[in-house]
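These notes concern the structure reproduced below.
Coordinate-derived values only; no laboratory data. Every value quoted in this text rests on a predicted model; they were computed, and no experiment measured them. Using ideal geometry, Cβ is built from the backbone for each residue, glycine included, and neighbour counts are taken over all protein chains shown.
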Amino acid sequence: MRYQQNLAWSVLLRLFHWSFALSVVVLVTTGFYIHFPWTNTMLEGGRSFPVATMFYIHFIAAFVFTAALLARLYLLLFGNRQERFWDFLPITPKNIVNLFKTIANYLYISDKYDRRLGHNTLAGIFYLVTFILGLVQVLSGFYMLYPENVVWQTWGLRLLGPMQQARYLHYLIMWYFIFFAFVHLYIVVWSDIWHKEGLISSIVNGRKYTPDKS
Ligand code: HEM
Ligand code: HEM
């Protein structure tokens, strides 16, 4: 079969993806450690400060995460056709049909896959949830990092309540990111094998393949 190659993802989206993915791995690892320092903390009295080091790495990754998220929010409105939010949310009749067809295909009820250049609607819904929870991590994170800053303090308190509550929410959302990363990896590998559109390489070189009907 002959295939056509089409550009799906801009350079900025691919940069977003890889800085977001890498920063999440670092944030989850260091966050887990901050919550539960599993190595022997007797070391704290010595010359090494593992918790402080983990905090430092967490904050560096947090700035990368925040920058990536801001770039993605820009692309939701001003990116190419596939990157704008109305392309992948169930807000048009075409996208709603795509949602049901995708669910049927993922559950092996139907072997027809509704091909499109951008994300399918089911993936799109989860990506949007991920961006929103990412924003909650940024708000709760900066609220805890700069408790003396009036802006973070006011909005943190207004939207998330007392700091201890924000901290608990920040911790709980870590579990969403762990869950998302594993399910995401499973689905992209599964989809790459079944749908033969070069999905995984598309997030590196930006291009997807569709069967050439000519
Ligand atoms: C996916 C993104 C992130 C994950 C999974 C994550 C995870 C965590 C976890 C699990 C903790 C330990 C909470 C606890 O003690 O129970 C933590 C602490 C912390 N995180 Fe994050 N984090 C993320 C993003 C951010 C961002 C964007 C910032 C912004 C600066 C941030 C700032 C902080 C701060 C300041 C603490 C220390 C809280 C304290 O004083 O105990 N985090 N993070
Ligand atoms: C080696 C690991 C990874 C690979 C191979 C990979 C691959 C992909 C692929 C192929 C897509 C496009 C899928 C589609 O069209 O629906 C995608 C999208 C996405 N991935 Fe990953 N991914 C990886 C790790 C991660 C991690 C760790 C995260 C964060 C927890 C993540 C977050 C996302 C997000 C948010 C999108 C949506 C892109 C957008 O439109 O903004 N990925 N990934």
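In this simple spin-label approximation, residue 49 and residue 149 carry label points 7 Å from Cα along the Cα→Cβ vector, and these lie 2.1 nm apart. Which lysines have a Cα lying under 18 Å from the Cα of residue 101, excluding residues fewer than 8 positions away in the same chain? Output for residue 101: 112, 196. Based on the reciprocal of the average 1/r between different C-alpha atoms, the Kirkwood radius for the chain equals 19.4 Å. Computed from Cα positions, the angle between helix 50-78 and the longest principal axis of the chain comes to roughly 40 degrees. Relative contact order of the range 22-158: 17 percent, from C-alpha pairs under 8 Å at least 6 residues apart in sequence.
Within the range 119-214, report the trypsin sites (Lys or Arg not before Pro) that DSSP leaves as loop and that have at most 12 other Cβ atoms within 10 Å. Walk me through the numbers before you get to the answer.
Working: sites: 158, 167, 196, 207, 208, 213; in loops: 196, 213.
Loop-located and lightly packed - 213.
Each 10 Å bin, from zero up to the one with the longest distance, holds this percent of the alpha carbon pairs of the range 60-152: 15, 36, 25, 16, 6, 1.
Modelled label positions at residue 104 and residue 213, each set 7 Å beyond Cα in the direction of Cβ, lie 1.8 nm from each other.
At full extension, residue 21 and residue 178 could sit 55.4 nm farther apart than now, given 0.36 nm per residue minus the alpha carbon distance.
Provide the FRET efficiency to the nearest 0.05 for the residue 157-residue 135 pair, computing r from the beta carbons and using R0 = 22 Å.
Details: r = 17 Å, r/R0 = 0.77.
Calculated transfer efficiency: 0.85.
Sort out the exposed loop chymotrypsin sites (Phe, Trp or Tyr not before Pro) in the chain (DSSP loop, at most 16 other Cβ within 10 Å) and tell me the longest stretch that has none.
Values: sites that count: 38, 108.
Result, exposed sites excluded: 109-214.
Annotation: extensible slack from residue 189 through residue 96 equals 31.1 nm (criterion: 0.36 nm per residue apart, minus Cα-Cα distance).
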